[in-house]
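Take a look at the structure below.
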Amino acid sequence: VLDLLARVVQHYGVAVIILTILIKAALYRTTFKQQESMLKMQKVAPELKYLQEQYKNNKQMLAQKQMELFKKHGVNPLGGCLPIFIQLPIFIALFQAFSHSADLRGTSFLWIPDLTLPDQLVGVPISFLGGWVLSLNPLPILYILVSAWMSFSQTPPTNADPQQEMMYKMMRWLPIIFGVIFYNMPSGL
């Protein structure tokens, strides 16, 4: 699809942007379902907390009552994970495309000289670390800043149980962790 888009628009950088929009549009419904599932889970959180307190010594009965509660309110406990399972193969395929495609080598876009390499503005080799390069890569830094701003601007769930609060805090830092992981990946990705 990326090659087809590149043939139509005559530039891989623009084709990557169009492909990203197409993927987001195709996954909109699953993302919407994920958000809907998260909101439903927040609504049943007080009842879930009550069940956890009531059946704390009987795990089997707790699991049964939780499933009844989820069924009653139409909540799918795995609904928040669905988009991740769909997006992961797409991400892996794009990683392979940018890492191994000969057509993409040397393709520039904006300030990026090669979409198959990190968008390194400045690189300083550190000799005592065996040729490791300390670099300034603006795209991952921009991703980290925007993602951190978005995650910290969200309001925390009210009256949530400790497990849900911990999950919220973990999800808040996840984009920053992804930014660090993606720091030296191909800039087109």
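The values are calculated or read from the model by the stated rules, or taken from the named source; none is laboratory data. What you are looking at is a predicted structure, and each value in this text was computed from that prediction instead of being measured. In this analysis, Cβ positions are derived from the backbone assuming ideal geometry, glycine residues included, and neighbour counts consider all displayed protein chains. Quick note on the areas: whole protein, heavy atoms, side chains included, nothing else; ligands and nucleic acids left out. Shrake-Rupley method; radii C 1.70, N 1.55, O 1.52, S 1.80 Å.
Helices (runs of 4 or more DSSP H) fully within region 9-100 that include at least 2 residues being in contact (Cβ under 8 Å) with a residue 12 or more places away in the chain and farther than 23 Å from Pro175 by Cβ: 12-26, 28-54, 59-73.
Return yes or no: is Lys33 more than 30 Å from Pro186 (Cα to Cα) and either within 17 Å of the chain's Cα centre (by Cα) or surrounded by 15 or more Cβ atoms within 10 Å (Cβ to Cβ) (or both)? Answer is yes for this residue. Pairs meeting the criteria (first residue in region 132-143 and of a type in the set (A, V, I, L, M), second residue assigned to a helix (DSSP H, G or I), beta carbons under 8 Å, at least 6 apart or on different chains) are Ile141/Gly179. Just one of the numbered conditions (1) under 30 Å from Phe182 (Cβ atoms); (2) open to solvent by 50 Å² or more (accessible area, probe 1.4 Å); (3) at pLDDT below 80 is not true of Gln96: (3).
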